[in-house]
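To start, the structure itself, in structure tokens.
Derivation of every value follows stated rules applied to the coordinates shown; laboratory data play no part. Quick caveat: nothing in here was measured; it's all calculated off a predicted structure. When we count neighbours, we look across all protein chains shown, and the Cβ atoms used for this are built from the backbone with ideal geometry, even at glycine.
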Amino acid sequence: MLINTVYQQCVKSYKSLEVLITMNQKPKNLQMKKTPKVAEIFKASRNNYGTRKIKVELKKAGYIVSRRKIGRIMKQNGLVSNYTVAQYKPHVDKCNESKIANELNREFNTDEPYAAVVSDLTYVRVNKRWNYVCFLVDLFNREIIGYSVGPNKDTPLVYRAFARVKTRLDDITLFHTDLGNEFKNKIIDEVLDTFKIKRSLGMKGCPYDNAVAEATFKIFKTEFANNYHFESLEQLEIMLADYVNWFNNIRIHGALEYLSPKEYKLHNLKKTV
């Protein structure tokens, strides 16, 4: 009698433990679905997203996965992100060395589109020679609103970037750049004066004063320019147009609540209506 009672209690305990284990186990098919989904999101990001952004995209698709788990899946499948964090060397403050003030004053977050647009240039190797890219970036949503490419680092490169802007130029309130001669000249002055755009110049030799433009180019180099060999300027132009479209419409941005620039703009403009 005693033996039967003990046996029945053991059976009940075993079944309870079995139920508990089953409840805590995740279905194998769900686990198996996560790996290709992580790979799919990673490839769709053009090999750029890390664990943080992949986690956000998985959540949109209905999967709750930890960054540690995503990291393991990426490591097991050889998924290595192109993205690296921009780093700057410490800089000792100096004078602006220009009569034009730094009106932006490192206020990189704005409440309205086109309240402040920043710009800079960078170099890209094309068939063993350096060519140049200019971006105009709206601080409101980090959107690349204008861009251009060319063989020379000069004023026409900046002018062509302005010509590509789709909105009215008089919608732009402030235009901020460094002290480069490509920006600080009579032609660009005339553009700004014509459309009543206020100018702002950063401090000489200090990337912090134009940190968003610098960071955008760091992303551009890591995600795009460093991963291709361009045979011609025409090839660079075509591929750059595709990258800018992806950057503005699809690529999620940590500073934009993990929305793309266009999604962030649409979301925030709806709030004001």
Legend entry - Virtual spin-label span in nm between THR167 and LYS59, 7 Å along Cα→Cβ: 2.8
Legend entry - Separation of alpha-carbon centers, the stretch 142-159 and the stretch 167-215, rounded to whole Å: 12
Inset, instruction - Please give the length that would be gained between LEU233 and THR35 if that part of the chain were fully extended, namely 0.36 nm times their separation in residues minus their C-alpha to C-alpha distance (nm, one decimal). - result: 67.4 nm
Inset, instruction - Over the alpha-carbon set of the stretch 126-233, divide Rg by the Kirkwood Rh and report the Rg/Rh ratio to two decimals. - result: 0.96
Inset, instruction - Take the stretch 226-273, compute every pairwise Cα distance, and split them into 5 Å bins from 0; I just need the percent in each bin. - result: 5, 20, 19, 17, 13, 11, 9, 4, 2, 0
Inset, instruction - Could you order peptides 135-142, 207-214, 231-238, 147-154 by the average number of other Cβ atoms within 10 Å of their residues, highest first? - result: 135-142, 207-214, 147-154, 231-238
